[in-house]
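Enquirer: Before I ask anything, let me first share the structure, which is written out below as structure tokens.
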Amino acid sequence: MSLGTPSPVTDHLAVEPWAQEPLAVPELGEVAADRVEKFSGQKPGSKAWQAAMQVRELLATQSDRSGRSDRSDRPVAPDWTPAASTPDGIPIVLRRATGKGSTWVFGHDLSEAAKMLCRTTRHGVNHRIYDRDTACGLERLFRLVGNACAYGHGARPAATPQLRAEVLTDRQTYGWGETLAVEILVRDAEGKPCDANVRVGLSGNGDAPVRFAPAEQKAPGRYVLRVPLVATPSADSLLPAVEPATEYRRQRFLQIFADATRPGWVSDWAVGTVRVGNESDEAGRLAQRVRQVANDLLSLDFSAPDKEKWVEVEGAVAMPAEIRAGQPVTFELTLDTVENDTGNDWMEDVELVLKPETGGAPVSFPVAPGKCLTAPRSSVVAKSPDRCVVVDSAHPARFRLAWPDPRPGRWSLWLRYRYSDDYHIKDTDRLQREDAFSQGVREVVGG
């Protein structure tokens with residue numbers, strides 16, 4: 001037997017009916033490549049991608065009188081039975097009876113496929129757009145491996161019926177005081193509505209326990225739960241204590257958990273996410289601007305989204321609108337995003353840097369020396385909490401930095417730091433960065 005032409009696992013790869021049990025494997029291909037790329041951190045064309053996202057044809061070999069084995073495009077020997085094939089009918093998974101058991105050969109690189117599946121699933125947990133639906137199709141390969149291990153071991157029971165749950169909301173953003181309407185759809189493996197026991201829970205804080213309540217059945221396979229969104233819920237409310245946003249442009253995320261169970265069936269659970277709060281608090285924005293004008297201040301925004309290096313930082317700095325040489329100045333630096341509220345990135349060795357436009361030595365102001373700035377649930381907080389300054393959208397980190405003796409000239413404002421991403425540590429490990437503030441060139445006038 002030899003390996004033939006590789007085929008992408010995004011193609012339709014049919015599984016023989018006898019190999020689709022006891023674990024349901026109706027299809028071995030049609031892997032969602034966009035989802036794998038989004039969450040795994042691997043790019044199409046890389047060695048890891050090619051090893052995990054391709055499958056080789058399994059072909060027969062033939063020997064000449066000298067004993068050499070040559071590749072042949074003819075089918076494999078009759079004692080091998082195809083379990084899965086390419087669209088052209090060429091086997092990619094084979095089985096052969098061996099004594100009381102059987103031998104299986106896969107055209108996949110199972111080791112690399114397993115690594116790719118783990119990376120895709122694991123990274124999705126903390127990704128800002130993650131909806132806990134990282135089923136990408138690679139998992140079906142390992143369901144078939146499970147069927148291979150179970151094949152021939154006594155009578156094979158009929159496949160256990162399975163439930164499929166889905167969480168729906170009428171919109172993605174709600175305001176405080178409105179009612180969250182959650183709809184749960186329950187179907188069987190064939191997509192038909194199915195009755196089940198359905199519970200719904202809400203979470204706005206990863207450390208708080210989730211309280212569940214039964215959903216009301218409105219129709220076969222359709223269940224509904226309505227929850228008023230109040231800022232201070234009662235002790236017996238299903239709504240967790242989600243702190244309302246008080247900062248400009250700040251919303252809070254609310255996760256919706258639903259599980260569906262039925263005696264004799266494989267249960268299922270699903271997750272949805274909604275935002276609570278206004279997308280744009282114009283009143284808060286205007287009030288902030290009024291305070292700045294009244295105190296002769298201006299604010300400069302800072303944003304460093306670098307998808308190639310997995311860098312995600314946002315903040316702002318407030319300073320006097322006019323800076324005069326020799327007169328002390330205080331910069332108020334605010335950092336409100338390091339990846340996201342549930343992320344695992346961190347930044348350290350942070351400095352606010354002023355660079356003279358006409359050349360000369362820059363001026364730097366250390367920010368939280370010896371500390372890491374990170375989200376509350378990152379691995380750094382778990383390992384060294386005393387070393388961390390926790391940052392999230394409702395509790396931004398604020399620092400006051402003094403420039404006691406400004407020098408005349410034009411100065412540009414920069415943020416210097418080292419950035420790390422725990423899930424992409426090979427690419428982003430204490431990565432040195434310098435990023436400019438928007439409209440960050442300021443004039444220091446003479447005294």
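The values are calculated or read from the model by the stated rules, or taken from the named source; none is laboratory data. Nothing here was measured: the structure is a model prediction, and the numbers come from that model. In this analysis, Cβ positions are derived from the backbone assuming ideal geometry, glycine residues included, and neighbour counts consider all displayed protein chains.
Enquirer: Condition test on residue 309, is it assigned to a loop (DSSP other than H, G, I, E, B) and more than 18 Å from residue 405 (Cα to Cα)? Before you say what the answer is, go through the steps one by one.
Expert: Values: assigned to a loop (DSSP other than H, G, I, E, B): yes; more than 18 Å from residue 405 (Cα to Cα): yes.
In short, yes.
Enquirer: Let me confirm something: among 435, 422, 405, which residue is surrounded by fewer than 14 Cβ atoms within 10 Å (Cβ to Cβ) and acidic (Asp, Glu)?
Expert: Working: 435 fails: surrounded by fewer than 14 Cβ atoms within 10 Å (Cβ to Cβ); 422 fails: surrounded by fewer than 14 Cβ atoms within 10 Å (Cβ to Cβ).
The unique qualifying residue is 405.
Enquirer: So, one more: Kindly provide the set of residues from the range 381-395 that are in contact (Cβ under 8 Å) with a residue 40 or more places away in the chain and over 10 Å from residue 338 (Cβ atoms), ordered by number.
Expert: If we filter the range 381-395 for residues that are in contact (Cβ under 8 Å) with a residue 40 or more places away in the chain, which is where we start, we get 388, 391-394.
Scanning the range 381-395 gives 388, 393, 394.
Enquirer: In addition: Got a number for residues in the range 4-27 being touching a strand residue (DSSP E or B) at 6+ places or on another chain (Cβ under 6 Å) and more than 12 Å from residue 54 (Cα to Cα)?
Expert: 5
Enquirer: Filter the range 1-49 down to the residues that are under 19 Å from residue 110 (Cβ atoms) and among the small types (Gly, Ala, Ser) and list them by number.
Expert: Listed by number, the residues that qualify are 2, 4, 7, 19, 29, 33, 40, 46, 48.
Enquirer: Which of the residues that make up the range 225-271 are modelled with pLDDT under 70 and among the aliphatic types (A, V, I, L, M)? Step through it out loud before you land on a result.
Expert: Kept after step one, since they are modelled with pLDDT under 70, are these residues of the range 225-271: 231-232, 241-251.
Selection gives 231, 241, 242, 245.
Enquirer: Name the single residue that is farthest from residue 238 (Cα to Cα) among those in the range 213-224 being surrounded by 15 or more Cβ atoms within 10 Å (Cβ to Cβ) and not β-branched (Val, Ile, Thr).
Expert: The selected residue is 221.
Enquirer: A further question on this structure: Name the residues in the range 1-53 that are in a strand (DSSP E or B) and of a type outside the set (Ser, Thr, Tyr), would you? Walk me through how you get there before you give the answer.
Expert: Just the residues of the range 1-53 that are in a strand (DSSP E or B), to begin with: 2-8, 14-15, 27.
Matches in the range 1-53: 3, 4, 6, 8, 14, 15, 27.
Enquirer: Checking residue 46 against (1) over 12 Å from residue 92 (Cβ atoms); (2) crowded, with 19+ Cβ neighbours inside 10 Å; (3) polar (S, T, N, Q), which single condition isn't satisfied?
Expert: (2)
Enquirer: Only one of these is surrounded by 12 or more Cβ atoms within 10 Å (Cβ to Cβ) and either assigned to a strand (DSSP E or B) or modelled with pLDDT of 90 or more (or both): 96, 119. Name it.
Expert: On the way: 119 fails: either assigned to a strand (DSSP E or B) or modelled with pLDDT of 90 or more (or both).
The conditions single out 96.
Enquirer: Quick one: in the range 189-209, of everything that is farther than 23 Å from residue 159 by Cα and loosely packed, with under 10 Cβ neighbours inside 10 Å, which residue is modelled with the highest pLDDT?
Expert: Among those residues, the one meeting the criterion is 209.
Enquirer: Considering only the range 302-335, how many residues are among the charged types (D, E, K, R) and under 19 Å from the mean Cα position of the chain (by Cα)? Before the answer, list the steps.
Expert: Step one: of the range 302-335, the residues among the charged types (D, E, K, R) are 306-309, 312, 314, 322, 324, 332.
Subset that is under 19 Å from the mean Cα position of the chain (by Cα): 306-309, 312, 314.
Residues meeting the conditions: 6.
Enquirer: Under 7 Å between Cβ atoms, which residue pairs at least 6 apart in sequence (or on different chains) link something in the range 344-358 that is under 12 Å from residue 389 (Cα atoms) with a partner that is polar (S, T, N, Q)?
Expert: 346/374; 346/378; 346/420
Enquirer: In the range 369-413, which residue that is outside any strand (DSSP E or B) and of a type in the set (Ser, Thr, Tyr) is farthest from residue 315 (Cα to Cα)? Give the derivation first.
Expert: We begin by selecting, within the range 369-413, every residue outside any strand (DSSP E or B); these are 375-387, 391, 393-394, 396, 404-408.
Those still in the list that are of a type in the set (Ser, Thr, Tyr) too: 378-379, 384, 393.
Values: 378: 19, 379: 22, 384: 24, 393: 10 Å.
If we take residues in the range 369-413 being outside any strand (DSSP E or B) and of a type in the set (Ser, Thr, Tyr), then 384 is farthest from residue 315 (Cα to Cα).
Enquirer: Identify all residues within the range 334-351 that are over 17 Å from residue 424 (Cβ atoms) and either surrounded by fewer than 23 Cβ atoms within 10 Å (Cβ to Cβ) or modelled with pLDDT under 90 (or both); write none if there are none. Working first, answer last.
Expert: Step one: filter the range 334-351 for residues over 17 Å from residue 424 (Cβ atoms), giving 334-337, 341, 349-351.
If the condition is that a residue be over 17 Å from residue 424 (Cβ atoms) and either surrounded by fewer than 23 Cβ atoms within 10 Å (Cβ to Cβ) or modelled with pLDDT under 90 (or both), then 334, 335, 336, 337, 341, 349, 351 are the ones that fit.
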